[in-house]
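Student: Just dropping this structure here.
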Amino acid sequence: MKSTGPVLTVLIAILALWYAGAVWMNAQWVRDQAERAGQTVTWQQIVPETMNQSRPVLPAPHQVAVELWKAVVVTPPTSKRSLIYHAWVTLSATLLGFAIGTGAGILLAAGIVHNRAMDMSVMPWAIASQTIPILAVAPMIIVVLNSIGITGLVPKAIISAYLSFFPVVVGMVKGFRSPDAMQLDLLKTYSASRMQAFWKLRLPASMPYLFASLKVGAAAALVGTIVGELPTGAVAGLGARLLSGSYYGQTVQIWAALFVAAALAAGLVVVIGMVQRVTLRRMGMLR
Amino acid sequence: MAPVVEARGVGLTFQTADGPVHALKDVNLTIAKGDFVSFIGPSGCGKTTFLRAIAALEAPTEGSLTVNGMTPDAARRARAYGYVFQAAGLYPWRTIAGNVKLPLEIMGFSKAEQNARVEKVLELVELTGFGKKFPWQLSGGMQQRASIARALAFDADILLMDEPFGALDEIVRDRLNEELLKLWNNTGKTIGFVTHSIPEAVYLSTKIVVMSPRPGRITDVIESPLPRERPLEIRDTPAFMAIAHRVREGLRAGHSYDV
């Protein structure tokens, strides 16, 4: 494969930088220890000491790899220490939120395209909704929903939907409006109704836009769920794992959870990409 | 016989930010059933606007315009015409057959009827066997033929064509012109055809409408003496040259005071 070389080069460069960073950032702790013991240390002594600290400022790559191996492969998925278990908790809320967000986004976009009042009124609110820090809103959503008896998956999913609907609205408004004047005139010559124009022209024409929005939306949905897990005392999920890691200074645990979150986001985007390829090929829009 | 299109003192003014633009002024024209009428003139002469007015895509602001004795709007709802645009405008997500079916689906034809009609019109434009292809698999000329098939699919009596071959090269254009004439002969449709090309207009038409801009108006209407059967070679005959000359004169006259 032609791309293996460059990909490997970048990977090695990142690892090298990471190791250098780990040495640099963890060295202070080694020096402090030595000073307390009344010793002086040379760089030759410092470097190995920075590689295997139990609470490093920046864990070395192999530490994160070991932690990942333990938490993903060795620990059974039913255990509360398994990252598979936490990832599933987060993923299930993400998928629900993503579905709600995507559905709401498409409906809103359809409304915006077909109704002048909605066109004028909804977009500013949608944009405003995204300028509010989600970290500030998330606890309120959880508390309000809790007080009316909704707990567990749904509040997190709603926060996740809150973040993921926006890229879908923006993309789909653009997609629904992508047919040019000639295409719309053509339907007019058939005296087609607005419904027919929507189903036969606007919706299929918006497909490439839909998938672009979905990719952004999926990543946003995952961030939403994790943020929903952070300030709420959640006991499970990657967000809870990040939080407990930071409480106890378990940086290795934090980094492992971050990697699982990144892998989850990448997985979602890859799945959407596959659905996109199959769909567009079926539609004859992929050559 | 009642005229297919009857325009009496038709004017059309667009209100723009820079003030009113007179796209059409005092247009009088009668198109009879079976006519092949070309509209020729420089950009901005209103030829496309007039075609769009017939199709009820624009509304005249003055005068009266009837299509099959009805308002253009009513005529459109009665499926009086098929419209072919400058670009083929096929849906990339539909096959050629699917594209031709589009108006039939919208108009609510039965599935069996749809298939039969697609078969028939694809044969008419010599695209038999291409139904399952996607638009990008066809050349520009074939795509435009498919778009003509789409306009013919629901059997409107009038075919309105807005520079349908303008984006094609001359060789393809000649072929399509020949085929269009054949199609017109076989179906007896009334055709309104907008073009920039003098030879194209003279070759195709029974009636040539010469227009000029600012304001868009008709400067000459030429009834062609050429026979309905027209081989390509007819373009070298003196009769053809004479009509082409008159069209050119008409275009020049329309321009004389603003060049």
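Student: Considering Cα pairs under 8 angstrom that are at least six residues apart, work out the relative contact order of region B:7-134 and quote it in whole percent.
Tutor: With pairs under 8 Å counted, the relative contact order is 19 percent.
Student: State which entries of A:188/B:189; A:188/B:207; B:120/B:182; B:47/B:189; A:174/B:133; A:2/A:215 exceed 23 angstrom in Cα-Cα distance in the structure shown.
Tutor: Distance filter (> 23 Å) returns A:188/B:207; A:174/B:133; A:2/A:215.
Student: To continue, here is another question. Work out the length of the dipole vector of the protein assembly as shown about its Cα centre, built from +1 on the beta-carbon of each Lys and Arg and -1 on the beta-carbon of each Asp and Glu, and round it to the nearest 20 debye.
Tutor: The calculated dipole for the protein assembly as shown is roughly 1280 debye.
Student: For region B:141-211, rounded, prolate or oblate, judged on the Cα gyration tensor with a ≥ b ≥ c (square roots of eigenvalues), a/c < 1.5 rounded, else prolate if a/b > b/c?
Tutor: Oblate, since a/c reaches 1.5 and b/c is not below a/b.
Student: Here is a further query. Considering only DSSP beta bridges whose two residues both sit in chain B, what percent are antiparallel, to the nearest 5?
Tutor: 55
Student: Most mobile of B:47, B:207, B:133 per a Gaussian network model of chain B (Cα springs, under 10 Å)?
Tutor: Between B:47, B:207, B:133, it is B:133 that shows the largest mean-square fluctuation.
Student: Now, a different point. Return a whole-number percent for the relative contact order of region A:4-58, with Cα pairs under 8 Å and 6 or more residues apart as the contact set.
Tutor: Worked out over region A:4-58, it gives 42 percent.
Student: What is the fewest-to-most order of B:196, A:86 by other Cβ atoms lying within 10 Å of their Cβ?
Tutor: So the residues, fewest neighbours to most, are B:196, A:86.
Student: Same structure, new question: How large are Rg and Dmax for chain B when calculated on the C-alpha trace, in angstrom?
Tutor: 18.3, 58
Student: Another one. From Cα coordinates alone, what are the radius of gyration and Dmax values for the protein assembly as shown in angstrom?
Tutor: 34.3, 116
Student: Here's a follow-up. Taking the number of other C-beta atoms within 10 Å as the exposure measure, put B:198, A:112 in order starting with the fewest.
Tutor: B:198, A:112
Student: Obtain the nm distance between the two label points defined at residue B:73 and residue B:175 by a simple spin-label model: each point lies 7 Å from its Cα along the Cα-to-C-beta direction.
Tutor: With each label point 7 Å from Cα toward Cβ, the separation is 4.3 nm.
Student: Something else: Any lysines with Cα under 23 Å of the residue A:80 Cα? List them, leaving off those in the same chain fewer than 8 positions away.
Tutor: Of all the lysines, those that pass the test against residue A:80 - Cα under 23 Å, at least 8 places apart if same chain - are A:70, A:156.
Student: Report the antiparallel proportion of the DSSP beta bridges in the protein assembly as shown as a percent, rounded to a multiple of 5.
Tutor: Of the beta bridges lying entirely in the protein assembly as shown, close to 55 percent run antiparallel.
Only the coordinates and a few stated rules stand behind these numbers; no lab work does. These numbers come from a predicted model, not from an experiment. Glycine gets a Cβ as well: all are built from the backbone with ideal geometry, and neighbour counts include every protein chain shown.
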